[in-house]
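Enquirer: The structure's right below; bear with me while I get my questions together.
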Amino acid sequence: MRVLLRKNPVDLLFLTITAIASATVLVLIAGILYVLFLKSSLAIEKFGILNFIFSTDWDPVRQIFGAATTLFGTAVTTILALFFAIPVAIGTAIFITEIAPNFMKGPIGIAIELLAAIPSIIYGMWGLFTLAPIMAEYIEPALQNTLGKVPLLGALFAGTPMGIDLFTASIILSIMIIPFTASIARDSFNLTPAIVKESAYAIGATKWEVVKNVILPYSKSGVFGGIILSLGRALGETMAVAFVLGNNHQISSSLFHAASTITVTLANEFTEADTDIYLSSLFYLALILFVMSFIALAVAKIFLLRAQKRYSA
Amino acid sequence: MTREHIRKIQSFTALSLSTLAAVIGLVWLVFILGDIFVHGMGALKLSLFTKDPAPAGIEGGGLRNAFIGQLIITFFATLIGVPIGILGGTFLAEYARGKKIAQLISILSDIMVSVPSIVIGTFIYAIMVKPFGHFNGWAGAVALAIIMIPVVLRTTEDMLRLVPWTLREAAFALGAPYYKVIIQIVYRGASAGILTGILLSIARVAGETAPLLFTSFNNSFFSTNMNEPMASLTVTIFQYAMGPYDSWHSQAWAASLVITIFILVLTILGRIFIKWRFGNK
C-alpha cells in the first residue's frame, strides 16, 4: 500500500497540513494536562496530593480546600448510576438482539440512539422540574417507609426528602448512561458468531441459556468495556447533575442529602473564585477529574479493542 | 415439575425481565420528550425569537440574543473544528494508513470524544479568558471546536477507509498525485459519510453547556461582538431554570424544546444520509 508520490511538492504540502491537523489531538491532550497542572501548582504546593484528596475541608472563607467531599459525591453518583443503569442496559441489549422481532429492531435501536443524543442540560432541567418533585413526594417517602425502617440500611434513607439530593442525581445520571451502555452491549452481542448460537440451540438449549452460556461469555470483554466507558462518561457529566445536587460540600451517610461532585463544584464556583488559591484548587479538581476519566476511558478502549480483535481475527 | 419445565420457566422469566428493561428504557424517552414538548409548546411564542430578554422578573421579552449568540458561536466552532477534523482524519486514513502513529491518534481521539467537556472549559478559561481579563465569544467557539475535532476526525477516518483501495489505484494509474486522488476521488466517494460526521458533531456541541459556562459566559443584551461575553441558549437555560421567576422557567422550557428538536432533526438527518449512501449494499 505504500504510495511513492512524495516528489510532488503540492503533495508534500498536503501531507504536512493533514499531519499537523491530526497532531492537534496530541497537542490538545498534552496542552490540557500541562495547563491544568501549571494552574493548579499553587494548590498542589500548599495542600499536597494525598492531603488534598482526603481533606473534607472546602472553605472559601478560610482559604482551605480539600477534594474529599466532591470526590465522595462523584463516586456515589457514578456508582449508583451504574448500579441502576447496567441491568436495564443489558436487558435492553438482550431484547434488541435476541427477543424483538426483526421489524422492531431498527426503530428501537434508533429510539435508544435518540435518547443518547438528548443534551445533558435537558436531562438536568427535566430532573429539576419533573423528576425531583416526584422523588420528594412519592418515591423517597415510600423508600423511607420500607427500606428506611431496616436497621443499618435505614441510615441511607434518613433525612427530609427534598428531591434535591444524591439519589435523584444518580437516577438522572443512570437514565443518561443507559443508551451508551445498551448500544455498546448490543454491538458486542452482535459479534457472537451465529453458528455458535445455532449449535447451542441444536443441542436443546433455551433462549435464556443461549444468552447466559454463549452470548454473555463471548461478549464479556465488549460489555465490560461499555460499562467502563459509561463510568468515564458519568464521572465527567456536569449539567445532568448540576440542577439536582445542591452543591453542598458535606459528606453524609444519607442518599437524601444534597451533595457536590467535582463537575458541579466547577460549574457553580469557577466564575466566583475570587482568590488565587481558590481558583487554583478548582483547577486542581479539574486536573484530578481529567486524569480519572482519561484512565477510565483508556481502559474501556483497551477492552473494546480486545473484543473487536478477537472476532475479526 | 420436570427439569424441562423449570428451564422453560427460567427462560421465560429472564426474557420477560429483558423486555421489561427495554420498556423502561423507552418509557424514559417518551416521558422526557413528552414533558419537553408539552411544557415547551405552551411557552413557544414568536416573541421568543424576535425580542431580547425583559429585565429580570418582568413578564415578556424573548431570547433573541441567546439564539443569535448560539448560532454565532456554533458557526465559528464549526468553521474551526470541521476543517481540522477532516484534514486530520485524512492523514490517518491515507498518508499514515496502517502506521502505529495513526492507531495511537485514532485511539486518543476516541478518548477525547468522551473527556468531560467541563474540563475543556477550564482549559480554555486558562488560556483564552484569564489572559484577556474577560469572558469572550471566541473562547466559547474554540472550546466547542475542541469537542468537535475528535468527532469529525474519527468519522472522516472511518468513512475514507470505506472507499475501496482499487479506486485510488485506478487514479494512480492515470498518473494523478496522491493529493489529487484524495480530493477528487476519495472525498467525493466519502462525501455523504463526512457530511454525516459534520452533522453529528454540530448536534453534539449544540447542546453543550459546561464548556461555555466560563468561556463565552452569558450576556443579557444582544451582541454580535465575539470579543465580548456572548449569550448562548444552553447557558441561558441553566440560568433561567435555576432562577426564581416563572416566566424564566417557561422560557427555559421553550428554549429546551427548540434545542431538542434541532438536535434530534440533525441526528435523524445524519442517519438518513448514512443509510442513503451505504444502506442499499
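The values are calculated or read from the model by the stated rules, or taken from the named source; none is laboratory data. All figures in this text were calculated on a predicted structure; none of them were measured in a lab. Virtual Cβ from ideal backbone geometry, glycine too; neighbours counted across all protein chains shown.
Enquirer: If I go through segment B:173-199 residue by residue, how many of them are surrounded by fewer than 17 Cβ atoms within 10 Å (Cβ to Cβ), within 13 Å of another protein chain (Cβ to nearest Cβ) and in a helix (DSSP H, G or I)?
Expert: 3
Enquirer: Filter segment A:1-16 down to residues that are at the interface with chain B (Cβ under 7 Å from one of its Cβ atoms) and either at pLDDT 95 or above or not in a helix (DSSP H, G or I) (or both) and give me whichever is farthest from the chain's Cα centre (by Cα). Working first, answer last.
Expert: Initial filter on segment A:1-16 (at the interface with chain B (Cβ under 7 Å from one of its Cβ atoms)): A:1, A:3, A:5, A:8, A:10-11, A:14-15.
Next, from what is left, pick out any that are either at pLDDT 95 or above or not in a helix (DSSP H, G or I) (or both): A:1, A:3, A:5, A:8.
Details: A:Met1: 40, A:Val3: 42, A:Leu5: 45, A:Asn8: 47 Å.
Of everything passing the filter in segment A:1-16, A:Asn8 is farthest from the chain's Cα centre (by Cα).
Enquirer: Kindly list the number of the only condition in (1) surrounded by 21 or more Cβ atoms within 10 Å (Cβ to Cβ); (2) at the interface with chain A (Cβ under 9 Å from one of its Cβ atoms) that fails for B:Arg97.
Expert: Tallying (1) surrounded by 21 or more Cβ atoms within 10 Å (Cβ to Cβ); (2) at the interface with chain A (Cβ under 9 Å from one of its Cβ atoms), B:Arg97 fails exactly one: (1).
Enquirer: State which residue is nearest to the chain's Cα centre (by Cα) when the search covers only segment B:100-116 and only residues that are assigned to a helix (DSSP H, G or I) and within 7 Å of another protein chain (Cβ to nearest Cβ).
Expert: At the first step, the residues of segment B:100-116 found to be assigned to a helix (DSSP H, G or I) are B:100-114.
Subset that is within 7 Å of another protein chain (Cβ to nearest Cβ): B:105, B:107-112, B:114.
Values: B:Ile105: 21, B:Ile107: 20, B:Leu108: 19, B:Ser109: 15, B:Asp110: 15, B:Ile111: 16, B:Met112: 14, B:Ser114: 12 Å.
Among those that are assigned to a helix (DSSP H, G or I) and within 7 Å of another protein chain (Cβ to nearest Cβ), it is B:Ser114.
Enquirer: Given the structure, is A:Ala111 part of a helix (DSSP H, G or I), within 25 Å of A:Ala182 (Cα to Cα) and touching a residue at least 24 places away in the same chain (Cβ under 8 Å)? Reasoning before the result, please.
Expert: Numbers: part of a helix (DSSP H, G or I): yes; within 25 Å of A:Ala182 (Cα to Cα): yes; touching a residue at least 24 places away in the same chain (Cβ under 8 Å): no.
Judged against the criteria, A:Ala111 is not a match.
Enquirer: Give me a count of the residues in segment B:38-63 that are in contact with a strand residue (DSSP E or B) (Cβ under 8 Å, 6 or more places away or on another chain) and outside any loop (DSSP other than H, G, I, E, B).
Expert: The total comes to 3.
Enquirer: Given the criteria away from every other protein chain (no Cβ under 11 Å), of a type in the set (S, T, N, Q) and more than 30 Å from B:Asp158 (Cβ to Cβ), does B:Ser47 qualify? Full working, then the answer.
Expert: On the way: away from every other protein chain (no Cβ under 11 Å): yes; of a type in the set (S, T, N, Q): yes; more than 30 Å from B:Asp158 (Cβ to Cβ): yes.
It is true that B:Ser47 is away from every other protein chain (no Cβ under 11 Å), of a type in the set (S, T, N, Q) and more than 30 Å from B:Asp158 (Cβ to Cβ).
Enquirer: Look through segment A:54-91, keep the residues that are over 20 Å from A:Gly232 (Cβ atoms) and in a helix (DSSP H, G or I), and return whichever of them is farthest from the other protein chains (Cβ to nearest Cβ).
Expert: Within segment A:54-91, the subset over 20 Å from A:Gly232 (Cβ atoms) is A:54-66, A:68-69, A:91.
From what's left, in a helix (DSSP H, G or I): A:54, A:68-69, A:91.
Working: A:Phe54: 22, A:Ala68: 19, A:Thr69: 18, A:Gly91: 3 Å.
Filtering segment A:54-91 for residues that are over 20 Å from A:Gly232 (Cβ atoms) and in a helix (DSSP H, G or I), the one farthest from the other protein chains (Cβ to nearest Cβ) comes out as A:Phe54.
Enquirer: Of everything in segment B:123-172 that's of a type in the set (Asp, Glu) and surrounded by fewer than 24 Cβ atoms within 10 Å (Cβ to Cβ), which residue is farthest from A:Phe37 (Cα to Cα)? I'd like the intermediate steps shown before the answer.
Expert: Taking segment B:123-172 first, the residues of a type in the set (Asp, Glu) are B:157-158, B:169.
Restricting the remaining residues to those that are surrounded by fewer than 24 Cβ atoms within 10 Å (Cβ to Cβ) gives B:158, B:169.
On the way: B:Asp158: 34, B:Glu169: 48 Å.
Within segment B:123-172, the match that is farthest from A:Phe37 (Cα to Cα) is B:Glu169.
Enquirer: Now a separate question. Under 6 Å between Cβ atoms, which residue pairs at least 6 apart in sequence (or on different chains) link something in segment B:180-192 that is under 14 Å from B:Thr155 (Cβ atoms) with a partner that is hydrophobic (A, V, I, L, M, F, W, C)?
Expert: So the pair list comes out as B:Ala190/B:Met159; B:Ala190/B:Leu160; B:Ala190/B:Val163; B:Ala192/B:Phe273.
Enquirer: Exactly one condition in (1) touching a Lys or Arg at 6+ places or on another chain (Cβ under 6 Å); (2) within 10 Å of chain A (Cβ to nearest Cβ) is not met by B:Pro83; state its number.
Expert: (1)
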